[in-house]
Amino acid sequence: MHYDIADHWKVGFGGDPTAFDVFQVTAHEIGHALGLGHTAVPGSLMNPFHTEAFSGPQADDIAGMQFIYGRAPVHGVPEPGAAALLALAGAALAVRRFDRPLAGRRVHIEDLAQILGLYPEQKYASYNYETLANLVYKLAGESELDEFIRRLVFVVASGNGDAHLKNWSLIYTDGVNARVSPAYDFVSTIQYQADDQLALNLARSKRWQDVTRASFLRLARKIGDDETRPLFLADQFVLRRKRR
């Protein structure tokens with residue numbers, strides 16, 4: 001690969017319209033060496049016109065390379081899921097279902113909206129986190145209530161405004177006894193929606209700033225549990241995060 005010293009080379013454009021970004025040009029020429037031609041797709045690495053918006057190979061460039069060399073095999077994903085993943089130009093996340101531990105075996109699971117007899121569109125309505133805690137306490141026992149409280153503290157601490165009724169489930173691994181299912185759909189929604197709030201009421205409020213230790217005291221009183229337990233669990237969670 002030859003770089004013409006008569007040209008003005010820089011690392012990045014830096015607002016200079018006469019400069020060539022050495023990284024962008026090098027990556028573009030490597031693309032040619034691998035068999036890619038020019039593309040008319042704006043912003044792509046293989047577009048013949050350089051742009052300050054360059055941020056590496058784009059979907060069109062990746063699709064071209066996959067056409068020439070094929071896509072990486074997807075292991076451990078049954079059909080038709082594997083074929084669907086191979087059709088994607090970018091990255092994908094595949095998560096194994098925890099209620100399908102073995103091929104042909106199903107483990108019964110029900111979310112709390114189902115337990116309460118609600119339709120999916122009612123997942124944000126009617127009930128609060130105290131009600132969910134009471135359901136877990138009565139159906140799964142004290143140890144599972146502890147896990148529910150830990151997760152609820154995490155929901156608040158992470159700014160998760162999507163912990164609605166269908167994102168809490170009970171699983172029956174032995175077909176009889178209920179346990180809180182493995183966690184799923186835990187996401188910090190305030191990263192994308194700054195004015196978001198809790199999905200359900202906690203201590204009669206959905207505002208993050210209204211959640212205090214008193215909120216968890218109230219939860220314990222509402223379900224008839226030892227008031228020191230939720231406070232201990234909440235404090236323990238916060239202390240662990242501080243140590244990290």
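Remarks
- Checking the stated criteria, Leu145 turns out not to satisfy the condition of being in contact (Cβ under 8 Å) with a residue 24 or more places away in the chain, within 20 Å of the chain's Cα centre (by Cα) and closer than 20 Å to Arg218 by Cβ.
- Of the residues making up segment 205-224, one or more are in contact with an Asp or Glu (Cβ under 7 Å, 6 or more places away or on another chain), open to solvent by less than 20 Å² (accessible area, probe 1.4 Å), at negative phi and of a type outside the set (Gly, Ala, Ser).
- Listed by first and then second residue, the pairs with beta-carbon distance under 7 Å, at least 6 apart or on different chains, first residue in segment 152-174 and under 13 Å from Phe186 (Cβ atoms), second of a type in the set (S, T, N, Q) and in a helix (DSSP H, G or I), are Gly159/Thr189; Asn160/Thr189; Gly161/Thr189; Asp162/Thr189.
- Selection count, segment 122-145, where residues are open to solvent by 60 Å² or more (accessible area, probe 1.4 Å), more than 19 Å from Gln197 (Cβ to Cβ) and not polar (S, T, N, Q): 3
- Candidates are the residues of segment 163-182 that are out of contact with any strand residue (DSSP E or B) (no Cβ under 9 Å at 6 or more places or on another chain) and not acidic (Asp, Glu); the one that is nearest to Ala140 (Cα to Cα) is Asn177.
- 3 or more residues closer than 30 Å to Val95 by Cβ: qualifying helices (runs of 4 or more DSSP H) within segment 135-244: 142-158, 228-243
The values are calculated or read from the model by the stated rules, or taken from the named source; none is laboratory data. Computed from a predicted model, the values in this text were never measured in an experiment. All Cβ positions, glycine included, derive from the backbone under ideal geometry; neighbour counts span all protein chains shown. Only protein heavy atoms, including side chains, enter the accessible area calculation; ligands, DNA and RNA are left aside. Shrake-Rupley method; radii C 1.70, N 1.55, O 1.52, S 1.80 Å.
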